[in-house]
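Only one structure is covered here, and it is reproduced in the block below.
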Amino acid sequence: MITIHRIEHGPPPPRKPKWIRVKAPTSQEYRATRDLMRRLKLNTVCEEAACPNIGECWSNKHATVMILGSVCTRACAFCNVATGRPDLLDPHEPDRVALAISALGLAHVVITSVDRDDLDDGGAGQFVRVIQCIRETSPDTTIEILTPDFLRKEGAIEAAVEAGPDIYNHNLETVPRLYAAIRPGARYYHSLRLLDQVKRLDPAIFTKSGIMVGLGETREEVYQVMDDLRAAEVDFLTIGQYLRPTPHHAPIDRFVTPEEFESYAAMARGKGFLMVSASPLTRSSYHAGEDFEKLRAARAAKLAAEASGSSSSGRLSPASV
């Protein structure tokens, strides 16, 4: 049985502003990507979560593959993915994912999943097998995983990290005050600890997290989330506008203006994130490949600056001789 998390109807939603509107997907490349996913029987978060960027991304042959089935064991109030009895684990899914990535010729891929609280490892083993299959068939493709929180799944985080993704992403989604209403099955500080643990297990892996705005959070609460993420040494922050998938989901409190997003991005950069993407249409995997290259360049520049500063501080200045 599949259910959808329902929210009581409130006041009429705010009118969608012009900056949040996107064109309907129609290109030949879009249809080719869609047909490939159908043929290989793969789920994508692009479709399941009703992403507004699907037309642009699929036209560029970029798709975020969603493994572990299309039914989630959680009922988050913001998410359009169906909730109910999960699909059986598909042992051939990793091979089909690798085939799709090879067919699309992806330089960078994002792999995400539904929550699978019914599995002993939360689905971590399937992430590992997918990464291994991609490495075998497309060794030059960089891999970003966007995992669930693996709550109460001992050893799951360690297994996913050991598989060696290039980016480990786990979204906080919202500010801690709103968790009970928006993300009731999750725990804010557990998600923070997950991100901190990933960095401690392998400092070379880039870590990434994102939140939605427009759910009723305050600017001060967003700043506190930034501080919490930097304390966990997260490298990359994404901030996007929450869009209500259906009238049964959490209502939109307001549409955040592009100028406010620019302000959030400036603050995040000031707090030390290597990379920030903040805009009304920003999503975790939007422009992920381009952003990964920028992220690598930012780390290289930071390391070079630190090395130069260390070298300079080791020399005696003329005034001190």
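Please treat every number below as a calculation from the coordinates, not as lab data. Note that the structure is a prediction, hence the values are computed from the model and not measured. As a convention, Cβ positions derive from the backbone with ideal geometry for all residues, glycine included, and neighbour counts pool all protein chains shown.
Measuring between alpha carbons in the structure, the pairs from 271/294; 18/271; 16/271; 18/294; 199/302; 199/271 lying more than 27 angstrom apart are 18/271; 16/271; 18/294. Peptides 202-214, 291-303 ordered by packing proxy, namely the average of other Cβ atoms within 10 Å per residue, highest first: 202-214, 291-303. Counted by Cβ distance under 12 Å from residue 203, the other residues give a net charge of -1, where Lys and Arg count +1 and Asp and Glu count -1. For the peptides 194-201, 276-283, residues were scored by their other Cβ atoms within 10 Å and the scores averaged per peptide; the highest-first order is 276-283, 194-201.
Between residue 120 and residue 162, residue separation times 0.36 nm minus the direct Cα-Cα distance comes to 13.3 nm. Could you please report the charge total around residue 192, scoring K, R as +1 and D, E as -1 over all other residues with beta-carbon less than 14 angstrom from its beta-carbon? Value of the local net charge: +1. Amide H contacts under 5 Å for residue 113: 67, restricted to partners 5 or more places along the chain or on a different chain, H placed in the peptide plane at 1.01 Å from N. Antiparallel beta bridges, as assigned by DSSP with both residues in the stretch 26-308, represent about 5 percent of the total such bridges. Relative protection proxy for 220-228, 170-178, from highest mean packing down: 170-178, 220-228 (other beta-carbon atoms within 10 angstrom). Let me know the shape class of the stretch 26-308, please: from the alpha-carbon gyration tensor, a ≥ b ≥ c as square roots of the eigenvalues, rounded when a/c is under 1.5, otherwise prolate if a/b is greater than b/c, or oblate. Rounded is the answer for the stretch 26-308, as its axis ratio a/c remains below 1.5. Tell me the net charge near residue 174. Cut-off is 12 Å between Cβ atoms, residue 174 excluded, with +1 for each Lys or Arg and -1 for each Asp or Glu. Around residue 174, the surrounding residues sum to -2.
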